[in-house]
Amino acid sequence: MTPMRLSRTEAEDLLYAEAEALDDGDLQGWLDMFTDDAVYWVPARRDSTDPSREVSLIHDDRERMRERVWRLTEGPAHAQIPQSATRRVIGNVRIREDAVLSNFILAEDRKETQRVFAGEYRHRFRWDDDRWRIAAKTVVLVNCESSIFNLTFVI
């Protein structure tokens, strides 16, 4: 039976599971959380509305996501040697009619340099294959309009 609507508790559990997979380096587990037609988008401007018409930091369909995971886990991701250590804090989860919004802070440590990113996640979840899965993820970074050096890990 398909649930009618995602509860806030379910949404929080999904967001925390995604953050845990990313922070633990389980990129295949992260990829498995998405539907086959998923879109992962990090716009270059806070007011962007159409990734097909505007500049994006990241705009991946499921195949590009699969390539990204391969590159970071098995392929030539020289910019991630050594791999970044990350931790995410998720908060202010809000359920909207068409999306789950949350705020995040992400700390990255790599080569004795720590960076902090903050912003808003916008997830669309869909009941698929007997579980909630991510149909779309948009990451609106607070500093998306600033120079961002070497964004080579999954935000």
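Among residues of region 87-112 being within 26 Å of Ala11 (Cβ to Cβ), part of a loop (DSSP other than H, G, I, E, B) and open to solvent by 80 Å² or more (accessible area, probe 1.4 Å), the one that is modelled with the highest pLDDT is Arg96. Somewhere in region 121-139, is a residue aliphatic (A, V, I, L, M) and either free of Cβ contacts under 8 Å to residues at least 40 places away in the same chain or not in a strand (DSSP E or B) (or both)? The answer is no, given that none of the residues of region 121-139 is aliphatic (A, V, I, L, M) and either free of Cβ contacts under 8 Å to residues at least 40 places away in the same chain or not in a strand (DSSP E or B) (or both). Taking first residues from region 53-64 that are farther than 7 Å from Val39 by Cα and partners that are surrounded by 13 or more Cβ atoms within 10 Å (Cβ to Cβ) and among the β-branched types (Val, Ile, Thr), the Cβ contacts under 6 Å between residues at least 6 apart in sequence or on separate chains come to Leu57/Val42; Ile58/Val42. The C-beta contact set for region 16-37 (first residue within 12 Å of Ile155 (Cα to Cα), second residue open to solvent by less than 20 Å² (accessible area, probe 1.4 Å) and of a type in the set (Val, Ile, Thr), distance under 6 angstrom, 6+ apart or interchain) comprises Leu22/Val154; Asp23/Thr86; Leu27/Val69.
Go through the residues of region 142-152 one by one and say whether even a single one is out of contact with any helix residue (DSSP H, G or I) (no Cβ under 8 Å at 6 or more places or on another chain) and at pLDDT 90 or above. Spell out the reasoning first.
Residues of region 142-152 that are out of contact with any helix residue (DSSP H, G or I) (no Cβ under 8 Å at 6 or more places or on another chain), as a first pass: 142-149, 151.
With at pLDDT 90 or above added as a condition, the list becomes 142.
Checked against the condition, which is being out of contact with any helix residue (DSSP H, G or I) (no Cβ under 8 Å at 6 or more places or on another chain) and at pLDDT 90 or above, region 142-152 yields at least one hit.
If Val69 satisfies every condition in (1) farther than 23 Å from Asp24 by Cα; (2) hydrophobic (A, V, I, L, M, F, W, C); (3) outside any strand (DSSP E or B) but one, which is the exception? For Val69, the exception is condition (1). Counting only residues that are open to solvent by 50 Å² or more (accessible area, probe 1.4 Å), more than 30 Å from Ile81 (Cβ to Cβ) and not charged (D, E, K, R), region 8-57 holds 3 of them. Restrict the check to region 70-86 and report whether at least one residue is touching a residue at least 24 places away in the same chain (Cβ under 8 Å), open to solvent by 80 Å² or more (accessible area, probe 1.4 Å) and polar (S, T, N, Q). Scanning region 70-86, I find at least one residue that is touching a residue at least 24 places away in the same chain (Cβ under 8 Å), open to solvent by 80 Å² or more (accessible area, probe 1.4 Å) and polar (S, T, N, Q), so the answer is yes. Among the criteria (1) modelled with pLDDT of 95 or more; (2) under 23 Å from Gly119 (Cα atoms); (3) in a strand (DSSP E or B), the one Thr35 does not fulfil is (2).
The values are calculated or read from the model by the stated rules, or taken from the named source; none is laboratory data. Small disclaimer: the values here were computed from a predicted structure and weren't measured. Here the Cβ is made from the backbone with ideal geometry for all residues, glycine too, and neighbour counts use every protein chain on show. These area figures cover heavy atoms from the full protein model, side chains too; ligands, DNA and RNA do not enter into them. Shrake-Rupley method; radii C 1.70, N 1.55, O 1.52, S 1.80 Å.
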